[in-house]
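In what follows, a single structure is set out as structure tokens and then discussed.
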Amino acid sequence: MRLPVVLVFVLMNIMPCYLRAQIKNTPGKEFQVGRAIDKIVLDGELSEQTWGIAEKGRDFFMSKPIDSIPPVNQTFFQLAFDDENLYIAFECMDDGKDPIVQSLRRDFEFRENDNVGIYFYPFNDYTNGFYFNVTPYGMQREGLIVNGGSTPDDFSSFWDNKWYTGAKRYADRWVVELAIPLKSIRYNRDTWHINVLRNDLERNEVSSWVATPYQYLPAAANWCGKIVWQDPLPKPGLNVSLIPYVAGSLEQDSENNKAADGDAAFGFDAKVGLTPSLNLDLTYNPDFSQVEVDRQVINLTRFEINFPERRQFFLENSDLFSQPGFPDSRPFFSRRIGLAVDTAGGLKKVPILYGARLSGKIGNDWRIGVMNLQSKEEKSLGLPSQNYSVAVLQRQIFSRSNIGLIFINKQSLGLDNQYDTTRFYHESIIHEEINGTDTTLSLNTYNRVGGVDFNFFSKDTRWRGDFYYHRSMDDFEDQDNHSNGGFLEYTARKISLRGGYMILGKNFNAESGFVPNLKVYPGFRFALGGIDYRFYPQSKTVANHGPAAEVLVSGIPSGEMTDGNYSVGYKVLFLNTAEVGFSANRTYQKLTGDFNPIQSDDDSFINYLKNEEFSWNYARAVFFSDQRKLLRYKLETLLGGFYSGQAYIANGEITYRYQPYGSFTVGVNYNDVRLPDNHGEDQLILINSRLDITFTDKLFLTTFVQYNDKADNINLNTRFQWRFKPASDFFVVYTENYLPEHLTSKNRALVVKLTYWFNL
């Protein structure tokens, strides 16, 4: 009789623990948050009375690489607030091993570092939000969420703001406390949707408070709980931040025999919180010299490359301005402002005089965005002074969907015959007028684009769609100047389906946008379809695997097909973070204009001619090693046909991490292109190396060297940053371009810049 009694006792004590370990918090779960009752000290000790009574979030569940079990190491969190700050405390259980971090740098990559973070949508609209992550060493990462966080592209870590952390490591856990000033965010005083995510990199486990199926992002708005405020949040008053800067620069252009020239600059940014959810951003004489340089690419396609926006002024509520349209037909692309391409293909700065941007929510269902910027006259590039205005009005409908109107106006001021437009090359803004046998190049006096967008998100997150119609206006063309498209995607646990189309009129012209196809096609028709399938095996090595297929075809208004791309492949994700994939591909092209794939000015390379047709096959393979190792690498190779010839392309990157003080990365892009019949052949090489050193959590040094033999250039960019106070920095940036032969300097520049964030 004693054995059954012992068995019952054991079951009574073990089963509750087992059942608790299997609990899944579901979307909409309520979480109580009250006012702090004593002063919170950010020391990672949780000794305050507030933490003794605050509700504790628990029962985290894994999302990746599998979603059927709880994580090995559980996580707990608590929230509180006072008149100034929102406080968050995290307790992250572990096994006592050293955490994995790439460095002590801010704005780290989520999947490459042990970290925990809170993701919240403070407007009850399932659309816009913020996130704040922190590593066991207390390093910070903050960012903005748009479109409800449905895709990885909806998260931007380029946004920067003022907040505070304190961290402490123990034998069986690490603890972090956060203080986020309420002035740093926009919010309403009612419902907030939140989730908490943790990346336990040693075990390759991404877990979240609200359990999220593998196929969805655990930070998406639909997979959130709900805060219930036990006490009302403080009513925000006038919130004003002023961020002035002073900078000095010294430049020398040896290539054009120009002596060293110094300059000094002053300017400022300002943020004015007009309401809890409506913000006014102002900038005067902005300087972006501290922004990291773009990573160069060797472009063997006919299309322009889209680089991301990193400048702070354009980031908050950026989805209002940058999301209308499709990736290949954006009516507004902020990198068109303040940057231009010269006749040599180099990117040149166009000074911005001032800018103002009003963005945010009005009421529960409306969002507004209004922006105006004025650029200076830049005769060296053949550009007059130009004014850019953008207005967006968006209305939320259904549970998560929205419909919006957009209008963009670009106005060139003071145009006259003094501008030699042959000195500036940008097909989207130079119009050719042919009168008899004479051809003249003319700048548009104005360019305008207006239209409507409908973004659809189903309540169960399975369906996502985008539909739009835009029309351009300028002083040259008034017909066939439309752009419209539709896209629909279905995502379930095992299968994903997508399809879409886009139509561009031959005269559609978005000078302030990104429409790369119109430089290639006289009008454009596009359709795509794709399918992905995933298997989830019971395996000790493989997380999931499955096939994928995609078809993409395009043509011109006559109905003639000009491009076709067909791909079938297979991808395997391993539990140790490694990944392998391969695909077989077929490409068809009928050229709509003369084109040399190597895009060289060398006379030995002969163009393929308009209306020539090509079909070729190639294979692609990619491998990512275990990303947790001190030494990790990525390999990609493409082999097969290329137009009428052959091409072998290899990309590789290797990174060594010296934890926690930094890393060294070397990447190589090798392109061996061989075209018959004297069309040309070449071996194009791009080598980049990046040294990232974090002396402390406030002192950072980054050195980026890029060698591009196609451009016959070596570029050095070194950036030193001292974050002496939150969101306040001292920068020293040195840039130099060399000729590869004998490392002869072409030009160099040194910039020293100081910024300081004042809360008024």
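The values are calculated or read from the model by the stated rules, or taken from the named source; none is laboratory data. As the structure is a prediction and not an experimental result, all values here were calculated from the model. All Cβ positions, even for glycine, are placed from backbone atoms using ideal geometry, and neighbour counts span all protein chains on display.
In segment 592-621, how many residues are closer than 24 Å to ALA650 by Cβ, modelled with pLDDT of 90 or more and over 33 Å from the mean Cα position of the chain (by Cα)?
The qualifying residues number 2.
For segment 630-660, give me each residue that is in a strand (DSSP E or B), surrounded by fewer than 17 Cβ atoms within 10 Å (Cβ to Cβ) and at pLDDT below 95.
TYR658
Exactly one of these conditions fails for PHE307: (1) over 18 Å from the mean Cα position of the chain (by Cα); (2) in contact (Cβ under 8 Å) with a residue 24 or more places away in the chain. Give me its number.
Result: PHE307 passes all but (1).
From the list PHE120, PHE77, PHE130, PHE90, which one is surrounded by fewer than 23 Cβ atoms within 10 Å (Cβ to Cβ), aromatic (Phe, Trp, Tyr) and part of a strand (DSSP E or B)?
PHE130
Please go through segment 283-304 and pick out each residue that is over 20 Å from the mean Cα position of the chain (by Cα) and buried (at least 17 other Cβ atoms within 10 Å of the Cβ).
THR283, PRO286, ASP287, ILE298, ARG302
Does ASP190 satisfy the condition of being more than 26 Å from ASN73 (Cβ to Cβ), of a type in the set (Asp, Glu) and over 18 Å from the mean Cα position of the chain (by Cα)?
Considered against the rule, which asks whether it is more than 26 Å from ASN73 (Cβ to Cβ), of a type in the set (Asp, Glu) and over 18 Å from the mean Cα position of the chain (by Cα), ASP190 comes out as yes.
Would it be correct to say that THR577 is at pLDDT below 90, in a loop (DSSP other than H, G, I, E, B) and surrounded by 16 or more Cβ atoms within 10 Å (Cβ to Cβ)?
Spelling it out, it is not the case that THR577 is at pLDDT below 90, in a loop (DSSP other than H, G, I, E, B) and surrounded by 16 or more Cβ atoms within 10 Å (Cβ to Cβ).
Quick check on segment 93-106. Is at least one of its residues small (Gly, Ala, Ser), within 20 Å of the chain's Cα centre (by Cα) and surrounded by fewer than 23 Cβ atoms within 10 Å (Cβ to Cβ)?
no
Can you give me the number of residues within segment 497-524 that are in contact with a Pro (Cβ under 7 Å, 6 or more places away or on another chain) and of a type in the set (Lys, Arg)?
Residues meeting the conditions: 1.
Restricting to segment 677-697, name every residue that is of a type outside the set (S, T, N, Q), over 24 Å from the mean Cα position of the chain (by Cα) and over 12 Å from PHE720 (Cβ atoms).
Selection gives ASP677, HIS679, GLY680, GLU681, ASP682, LEU684, ILE685.
Filter segment 377-422 down to the residues that are part of a strand (DSSP E or B) and modelled with pLDDT under 85, then identify the one that is nearest to ARG464 (Cα to Cα).
LEU383
Name every residue in segment 731-760 that is touching a residue at least 24 places away in the same chain (Cβ under 8 Å), of a type outside the set (A, V, I, L, M, F, W, C) and not in a strand (DSSP E or B), in order of residue number.
Scanning segment 731-760 gives PRO740, TYR756.
Have a look at ALA247, ALA265 and point out the one that is aliphatic (A, V, I, L, M), more than 25 Å from VAL134 (Cβ to Cβ), modelled with pLDDT of 95 or more and surrounded by 16 or more Cβ atoms within 10 Å (Cβ to Cβ).
After ruling out the rest, the residue left standing is ALA247.
Which ones in segment 311-332 are buried (at least 17 other Cβ atoms within 10 Å of the Cβ) and in a loop (DSSP other than H, G, I, E, B)?
Answer for segment 311-332, where residues must be buried (at least 17 other Cβ atoms within 10 Å of the Cβ) and in a loop (DSSP other than H, G, I, E, B): ARG311, LEU315, GLU316, ASN317, GLN323, PRO324, GLY325, ASP328, PRO331, PHE332.
Could you identify the single residue in ASN222, ASN199 that is buried (at least 19 other Cβ atoms within 10 Å of the Cβ), assigned to a strand (DSSP E or B), touching a residue at least 60 places away in the same chain (Cβ under 8 Å) and polar (S, T, N, Q)?
After applying the criteria, what remains is ASN199.
Give the number of residues within segment 661-681 that are out of contact with any Leu (no Cβ under 9 Å at 6 or more places or on another chain) and modelled with pLDDT under 95.
Total meeting the criteria: 7.
Rundown of residues vs (1) hydrophobic (A, V, I, L, M, F, W, C); (2) in a strand (DSSP E or B); (3) over 26 Å from the mean Cα position of the chain (by Cα); (4) surrounded by 19 or more Cβ atoms within 10 Å (Cβ to Cβ), yes/no style:
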| site | (1), (2), (3), (4) |
| --- | --- |
| SER496 | no, yes, no, no |
| GLY500 | no, yes, no, yes |
| ASN509 | no, no, no, yes |
| ALA527 | yes, yes, no, no |
| ALA549 | yes, yes, no, no |
| SER558 | no, no, yes, no |
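Quick grid of which residues meet (1) under 30 Å from PRO236 (Cα atoms); (2) modelled with pLDDT of 95 or more:
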site: VAL6; (1), (2): no, no
site: LEU11; (1), (2): no, no
site: ASN25; (1), (2): no, yes
site: LYS29; (1), (2): yes, yes
site: ASP38; (1), (2): yes, yes
site: PRO99; (1), (2): no, no
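Mind listing whichever residues of segment 353-372 are out of contact with any helix residue (DSSP H, G or I) (no Cβ under 9 Å at 6 or more places or on another chain) and over 18 Å from TYR187 (Cβ atoms)?
Those that are out of contact with any helix residue (DSSP H, G or I) (no Cβ under 9 Å at 6 or more places or on another chain) and over 18 Å from TYR187 (Cβ atoms): LEU353, TYR354, ALA356, VAL370, ASN372.
Within segment 45-58, how many residues turn out to be more than 31 Å from the chain's Cα centre (by Cα) and either buried (at least 18 other Cβ atoms within 10 Å of the Cβ) or touching a residue at least 24 places away in the same chain (Cβ under 8 Å) (or both)?
Here the count works out to 7.
Has segment 479-486 got any residue that is touching a Gly at 6+ places or on another chain (Cβ under 6 Å), surrounded by fewer than 18 Cβ atoms within 10 Å (Cβ to Cβ), in contact (Cβ under 8 Å) with a residue 40 or more places away in the chain and part of a loop (DSSP other than H, G, I, E, B)?
Yes, segment 479-486 contains at least one residue that is touching a Gly at 6+ places or on another chain (Cβ under 6 Å), surrounded by fewer than 18 Cβ atoms within 10 Å (Cβ to Cβ), in contact (Cβ under 8 Å) with a residue 40 or more places away in the chain and part of a loop (DSSP other than H, G, I, E, B).
Might you let me know whether segment 687-707 holds any residue that is touching a residue at least 60 places away in the same chain (Cβ under 8 Å), farther than 28 Å from ILE180 by Cβ and charged (D, E, K, R)?
Within segment 687-707, not a single residue is touching a residue at least 60 places away in the same chain (Cβ under 8 Å), farther than 28 Å from ILE180 by Cβ and charged (D, E, K, R).
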